Amino acid sequence: MPTITSLFVLAALGAAVAASPLASASSSSAFPGSTAKVPGLNAVAKAAGKLYFGTATDNPELNDTAYTTILDNNRQFGQITPANSMKWDATEPSPGNFTFEGGDVIRDLAKGNGQILRGHNCVWYSQLPDWVAFGNFTFDELIAIVENHCGTLVGHYRGQISLSTTCSNRLVLTTPIVFTFARQMPGMLLMALNDDGTFREDIFFNVTGTAYIPAALRAAREADPHAKLYINDYNIEGTGNKSTALQNLIKELKKDGVPIDGVGFQCHFEVGGVPSTLVENFRAFEALGVEFAVTELDVRMTLPETDELLEQQKEDYQTVVEACLAVPACVGVTIWDFTDKYSWVPGAFPGWGAACPWDENLVKKPAYDGIVIGFEDH
């Protein structure tokens, strides 16, 4: 899942042009395609008052010129998240040996395109190098390791990542409390919770209890005092035990003076499975005094695709976007890559796929129209 993330606002986009869907499907397949004629999803999102509409990407995909032609269009995408190149195994493969080449490539791409960069991530229980995952640490040793890793990663991108509409050089650290199970889901800083609201037993919790969470957040804040810190997780989108547990954690962190600025809702959904309590839950987090974002949206379906599944997927994307619009604290929406060609879903969920708004041939699907309609509802 997603991990702690940082954002880097690199250039202002021009004024967005209001969207106006027209007929004329663009799909080359037997299935219906998009009929929307708009400047791009980011342009539509900004016209609706949001900071950005973005996508995840990964370094191997950047060799696909047809793909990057779409990715580089900042009217389509105003924000980019590196799916893997800022995670622990990629940035500190051995103790104290930091490598930022992969993350820097995506940072430079975003900078050149005038796009926000969201960092991903600082701390997550998955995609750890063996020296962390299987280390035999004392409490003090592991806290020091977490602090050093978070501080070094955030410090490397200090002043280069921003999610603020008023400050152009503000680091947004999306620290996800990302609790994933067997599936590989991108997270931000910390994924710490099980679905029942209890803390996940991993190397960090087993050695330090919950102490690693404030340690990571404080180290990030010290590395960049202007950093905006997020907790990012999955299965917190609707009301329930996990959402309540995260709200309680945020209250405790704020009470203890630990820096926490926002929440990332990953939003990895199944077709027809968007929670009916999405807006209610978003408002509960807004009431805590934090902002939030939809950070990893995709809507997977059982294969093969059908017209009916694609229509429901369109409605699901529309529902999520409308929920973000309904709550002012929602700053933007990010999809977890924009094309089925590079989706993580088939590898994690055999028999499932077609989760993205573009198909494997980089043709827009009805889901694209759902996003446009959702933003236009404002």
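What lysines could a cross-link reach from Lys255, if we take a straight Cα to Cα line under 18 Å and drop same-chain neighbours fewer than 8 places away?
Lys228
Cβ neighbours within 10 Å, averaged per peptide: list 224-232, 89-97, 308-316, 326-334 in order, most packed at the top.
Those peptides, ordered most packed to least, come out 224-232, 326-334, 308-316, 89-97.
When we measure straight from the Cα of Lys251, which aspartates and glutamates land under 17 angstrom away, once same-chain ones fewer than 8 places off are left out?
Asp233, Asp261, Glu286, Glu291
Note down the magnitude of the dipole of the stretch 187-286 about its Cα centre, charges +1 on Lys and Arg C-beta and -1 on Asp and Glu C-beta and zero elsewhere, to the nearest 20 debye.
Roughly 320 debye for the stretch 187-286.
Let me spell out the model: positive unit charges on the Cβ of Lys and Arg, negative unit charges on the Cβ of Asp and Glu, origin at the Cα centre of the stretch 68-165. What dipole size does that give, in debye rounded to 20?
Charge dipole of the stretch 68-165: 540 debye, to the nearest 20.
I'd like to compare 362-372, 111-121: which one has the highest average count of other Cβ atoms within 10 Å, and what's the full order after that?
Output ranking for 362-372, 111-121: 111-121, 362-372.
Taking the alpha-carbon distance from Lys111 and a cut-off under 12 Å, which aspartates and glutamates remain once sequence neighbours fewer than 8 residues away in the same chain are dropped?
Partners within reach: Asp72.
Of Ile231, Leu303, Gly264, which is farthest on the positive side of the dipole of the stretch 207-337, counting Cα position, with +1 on Lys and Arg Cβ, -1 on Asp and Glu Cβ, and the Cα centre as origin?
The residue sitting most towards the positive pole is Ile231.
Kindly give Rg over Rh for the stretch 66-162, based on alpha-carbon atoms, with the Kirkwood expression for the hydrodynamic radius.
1.05
Quote the FRET efficiency, to the nearest 0.05, computed for Asn97 versus Asp256 with a Förster distance R0 of 41 Å and r equal to the Cβ-Cβ distance.
0.80
Could you order the peptides 215-221, 131-137 from most to least packed, using the average number of other C-beta atoms within 10 Å per residue?
215-221, 131-137
So, R0 is 22 Å and r is the distance between the beta-carbons of Thr198 and Glu222; what FRET efficiency does that work out to, to 0.05?
0.15
Once both labels are modelled 7 Å past Cα along the beta-carbon direction, what's the Asp130-Lys111 spacing in nm?
Roughly 3.5 nm, to one decimal.
No value in this document is a laboratory result; all are computed from the given coordinates. Just so we're clear, the structure is a prediction, and the values are computed from it rather than from any experiment. For neighbour counting, all protein chains shown are included, and Cβ atoms are generated from backbone atoms with ideal geometry for every residue, glycine included.
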